[in-house]
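Since the structure comes first, as structure tokens, the remarks are kept for the end.
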Amino acid sequence: MVAVWHDRTLSAGQRADALLAEMSLDEKIGQLGSYWPRQEPETGADGSSVGGEVAPMESAFAGRPGFATTAQHGLGQLTRVFGSAPIEPADGVARLAEFQQAVMELNRFRIPAVAHEECLTGFTAYRATVYPAAIAWGATFDPALVDEMAHRIGSDMRSLGIHQGLSPLLDVVRDYRWGRVEETLGEDPYVVGTLGTAYVKGLQRAGIVATLKHFVGYPAGRAGRNHAPVPMGKRELEDVMLPPFEMAVREGGVDSVMNSYSDIDGVPPAASVELLTTVLRERWGFTGTVVSDYWAVAFLHLMHKVADSLAEAGAQALTAGLDVELPETGGFYHLADQVRSGRLDEALVDRAARRVLTQKARLGLLDEGWDPAAQGAAVDLDPPENRDLARRVAEASVVLLANPDTT
């Protein structure tokens, strides 16, 4: 007899509900975690981190539990199997299939993981086409061209067995000293929202879950410093920072959102019920998953100091409305203990797990007979068509200014 959650005639939500009803607490929590097959940074003679770092403060998270421990009850996401170090596309496909097979064998429902990668200037991997930076998209003022570019990026990723892309940035620039300005679409909320929504539509039309980031206020850190507090009032937040995200949710139908690192008036978004639940879901009707920026859950304890332990950080994030901890499980390891001790309502675990399973159903990951070996193939990630499109985007971004006639 075919399990109810395999029945493709049912809605994704119905399939998720049927599967959720059969899962233990530990199995549900497994769907909220992630694993990154990254190289551990080494310590140099002077005590500094040497090599291996591709994300902020990565060296602070050495000595993590292994894959078998992380995925023993199931796994929500696999982090950057292609993008952490140079790997030939064919080898990346094989490696991802091996990890997916292992994930399935470790959980009794044989549920694979969502595989995500970075894709702002194209798929961030070896031998893939590099497109102009997002600040150049803003200069094109051409949503159709951005949609075409995103669709091509998404199609390349989907052909390899990837499911989610961590783009686009909808951060509205407020201080040009900030070090990530080139990753943004500029300083105008309407331009950012219009072109960012076009990117979302193009990527998701290719079958890749788009991820809005960084929700919200990240580019307005004090003195232009990364991770700095955001001294911003509610009116400026509503008028400048939120509109691009709202546009991508309401008009773009985006499937995922990532929190910002920076706290606003002392409250980090990863722990904000107001932002992740009231604004995002109740006001705007967002129905996808909220994923953490890398180690943002741990930062509630280590950097923001709003949680007195990693366990408390996990509980705060889940309560606020964060569904999946990236790039690897940390605070969410402690959710089961929090529930069993009565400090956390299991309904919050169910809420997040249902969102994750619903997304997996939409991606085909709950289909009977899903075969990791059949999900990807070795393809040319930098064909002439890609390079032609990259050139067209670059040319469209060139803006010529004429000196005024002073005669």
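The values are calculated or read from the model by the stated rules, or taken from the named source; none is laboratory data. The shown structure was predicted, so the numbers you read here are calculated from the model rather than taken from an experiment. Backbone-built Cβ (ideal geometry, glycine too); neighbour counts: all protein chains shown. We work out accessible area using only protein heavy atoms, side chains counted, and drop any ligands, DNA or RNA first. Shrake-Rupley method; radii C 1.70, N 1.55, O 1.52, S 1.80 Å.
From the list Thr79, Thr129, Thr121, the one residue that fits, being of a type in the set (Val, Ile, Thr), at pLDDT 95 or above and more than 20 Å from the chain's Cα centre (by Cα), is Thr129.
Residues that are surrounded by fewer than 24 Cβ atoms within 10 Å (Cβ to Cβ), in contact with a strand residue (DSSP E or B) (Cβ under 7 Å, 6 or more places away or on another chain), modelled with pLDDT of 95 or more and of a type outside the set (Phe, Trp, Tyr) are absent from region 238-247.
Of the residues making up region 344-362, those that are surrounded by 21 or more Cβ atoms within 10 Å (Cβ to Cβ) and out of contact with any Lys or Arg (no Cβ under 6 Å at 6 or more places or on another chain) are Leu344, Ala352, Arg355, Val356, Leu357, Thr358, Gln359, Lys360.
Ala390 falls short on exactly one of the conditions (1) surrounded by 11 or more Cβ atoms within 10 Å (Cβ to Cβ); (2) closer than 18 Å to Gln101 by Cα, and that condition is (2).
Restricting Gly364, Gly376, Gly369 to those that are of a type outside the set (D, E, K, R), more than 23 Å from the chain's Cα centre (by Cα) and either within 30 Å of Arg152 (Cα to Cα) or at pLDDT below 95 (or both) reduces the list to Gly369. Residues that are in a loop (DSSP other than H, G, I, E, B) and closer than 17 Å to Val257 by Cα were ranked within region 170-184; the one that is nearest to the chain's Cα centre (by Cα) is Leu170. Val257 meets each of the listed conditions (1) in contact with an Asp or Glu (Cβ under 9 Å, 6 or more places away or on another chain); (2) under 20 Å from Ser167 (Cα atoms); (3) open to solvent by less than 30 Å² (accessible area, probe 1.4 Å) apart from (1).
I'm checking my understanding of the structure. Among residues of region 205-219 that are assigned to a helix (DSSP H, G or I) and surrounded by 24 or more Cβ atoms within 10 Å (Cβ to Cβ), which one is nearest to the chain's Cα centre (by Cα)? Ranking the qualifying residues of region 205-219, first place goes to Tyr218.
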